[in-house]
Amino acid sequence: MALNNATGVLDGTPGLERSTMRLVTRRLGLLLFVVYILNYLDRTNIGIAKDHLQASLGLSEAAYGLGAGLFFIGYVLFEVPSNLILYRVGARLWITRIMVTWGLAAMGMAFVQNEMAFYILRFLLGAAEAGLVPGVILYLTQWIPSARRARLIALFYLAVPLSSAFGSPLSGWLMGFNPFGVEGWRFMFFLEGIPCLFVAVLVLAFLTDNPARAKWLDERQRTWLTAALAKEKSEEDTTHQSGTLRQAFINPRVLGMALVFFSMIIPIYALAFFLPAIIKQMGTFSILQVGFITAVPYIFASIGMFLISRRSDRTGERVLHYVVPSALGAGGLVMAALTLGSAPAVAMVGFCIGAIGCLSTLPVFWSITPRLLTGVAAAGGIALVCAIGNIAGFVAPYMVGLIRGENATAASSSQAILVSAGFLLVAAVGMLLVGKSLGKEHAHKSESSANAY
């Protein structure tokens, strides 16, 4: 095998890299994609159930927003410890544990009888799911060379818009059933939690902790992949910082990326938890129709995610592939806010652009973040970014619920959308600043290396 000077990755025989990555994608990428579809569906399906849930339990708008957000309190509290455990025991066992506990908590939502039980189950669901996303991101860095990473992370994150695109109509359809007199929203929660338990068995059977243990790769493929990843690891001192867990928590760029993630999560969950209700304000629609209309922005976000991640991998550029779509997405949300009451069709176009801006950039974001740290510091740093960012998952629904008020109007919904747009613009500016910092450090280290010779 020889070193490719253009890419810094070891070459094998023609097609070896392609065949190896194809197998990794089919076995690991597709399985994790299914895992995250179920994950995102179970955390956001209360958006479709909102009106029926509130009526059945007597929840105010603020109480609903608080309950939706409490998921993220549990999620944030256990995010870092969960990822550190995954780093030590391996992804296979820990992701299986995560799936079983969140599946049981999701099914438990069918049995809530009052406001307090609603709060407790949402908190427990968040605690059960904690560590999944940062754990998968860390896991993929141990399998995928950086030049191909955005595409596979895109496959994983494609679950977010597709879960909403297909999950919203599915949830609306399931709520139309009342078996044995059970309320439709209860039936929906119970049924959508069951698949997690079955997929957990598949994770235990098919997920492999690292390439060296991958018996499903032949010897040549294992040799190429481990050599390529080892080569990248040996060069990490030019683009990464090593250090302790404590240093990860005070690293300015880690905190900067956490701020970026926080700011982009606000509009993501504002749309996830309130877009169905806002669409219902725009006309007279059935639950099923609301589900289908809600799916439209997420379909466009799926297309955008695929195109942006592929172009980012092809060009090797990350920062502008995040900044430009995010800024355009903020503009789309402003357009939606200004036309919500007067031109619903134009507002839907704005929501589509906004969804592209806040969702399609997720793979690019997570292709940049692992460049900051290595080892246990990377496990803690990635989890810290995810934990701080997901505080926005609590802030967003509670904030939007307060802004919209008990008798939400087009005007109050527009105000909430404008605030969300402001956060997305902050994310774009924050990434631009972090990107400049990374560029300057890389240039400084390259100059130092040149001077050494």
Can you find, within the stretch 216-262, the residue that is nearest to residue 143 (Cα to Cα) among those that are open to solvent by 70 Å² or more (accessible area, probe 1.4 Å), of a type in the set (Lys, Arg) and modelled with pLDDT under 85?
233
Hits in the stretch 190-215 - residues which are open to solvent by less than 60 Å² (accessible area, probe 1.4 Å) and over 22 Å from residue 45 (Cβ atoms):
207, 208, 209, 210, 211, 214
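Would you mind stating whether residue 346 is farther than 24 Å from residue 152 by Cα, without any contact (Cβ under 8 Å) to a residue 12 or more places away in the chain and among the aliphatic types (A, V, I, L, M)? So that I can check it myself, show each step before the final result.
Values: farther than 24 Å from residue 152 by Cα: yes; without any contact (Cβ under 8 Å) to a residue 12 or more places away in the chain: yes; among the aliphatic types (A, V, I, L, M): yes.
Against the criterion (farther than 24 Å from residue 152 by Cα, without any contact (Cβ under 8 Å) to a residue 12 or more places away in the chain and among the aliphatic types (A, V, I, L, M)), residue 346 qualifies.
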Can you pull out every residue in the stretch 319-343 that is assigned to a loop (DSSP other than H, G, I, E, B) and within 20 Å of residue 423 (Cβ to Cβ)?
340
Screening 166, 177 for residues that are assigned to a loop (DSSP other than H, G, I, E, B), open to solvent by 10 Å² or more (accessible area, probe 1.4 Å) and under 23 Å from residue 295 (Cα atoms) leaves only 177
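Name the residue, out of 316, 357, that is within 18 Å of residue 416 (Cα to Cα) and not hydroxyl-bearing (Ser, Thr, Tyr). Don't jump to the end; show me each part of the working.
Values: 316 fails: within 18 Å of residue 416 (Cα to Cα).
None of the other options fit; the residue is 357.
Restricting the stretch 290-301 to residues that are buried (at least 24 other Cβ atoms within 10 Å of the Cβ) and of a type outside the set (A, V, I, L, M), which is nearest to residue 49 (Cα to Cα)?
Kept after step one, since they are buried (at least 24 other Cβ atoms within 10 Å of the Cβ), are these residues of the stretch 290-301: 290-291, 294, 297-298, 301.
Those left that are additionally of a type outside the set (A, V, I, L, M): 291, 294, 297-298.
Details: 291: 11, 294: 13, 297: 19, 298: 18 Å.
In this case the residue turns out to be 291.
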Would you mention how many residues in the stretch 87-122 are over 19 Å from residue 384 (Cα atoms), part of a helix (DSSP H, G or I), of a type outside the set (A, V, I, L, M) and open to solvent by 10 Å² or more (accessible area, probe 1.4 Å)?
8
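Out of all the residues in the stretch 162-181, which are touching a residue at least 24 places away in the same chain (Cβ under 8 Å) and over 24 Å from residue 32 (Cβ atoms)?
The first filter runs over the stretch 162-181 and keeps only residues touching a residue at least 24 places away in the same chain (Cβ under 8 Å), leaving 162-173, 175-176.
Answer for the stretch 162-181, where residues must be touching a residue at least 24 places away in the same chain (Cβ under 8 Å) and over 24 Å from residue 32 (Cβ atoms): 172, 173, 175, 176.
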Considering residues that are under 21 Å from the mean Cα position of the chain (by Cα), at pLDDT 95 or above and open to solvent by 50 Å² or more (accessible area, probe 1.4 Å), the number found within the stretch 311-344 is 2
I'm trying to understand the selection: among the residues of the stretch 139-159, which are over 16 Å from residue 307 (Cβ atoms) and open to solvent by less than 10 Å² (accessible area, probe 1.4 Å)?
139, 140, 143, 144, 145, 156, 159
Would you be able to say whether some residue in the stretch 359-374 is closer than 18 Å to residue 137 by Cβ, at pLDDT 85 or above and of a type in the set (Ser, Thr, Tyr)?
yes
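The values are calculated or read from the model by the stated rules, or taken from the named source; none is laboratory data. In this text, all values refer to a predicted model and were calculated from it rather than measured experimentally. Ideal geometry is used to build each Cβ from the backbone, glycine not excepted, and the neighbour counts take in all protein chains shown. The area values use the complete protein model at the heavy-atom level, side chains included, leaving out ligands, DNA and RNA. Shrake-Rupley method; radii C 1.70, N 1.55, O 1.52, S 1.80 Å.
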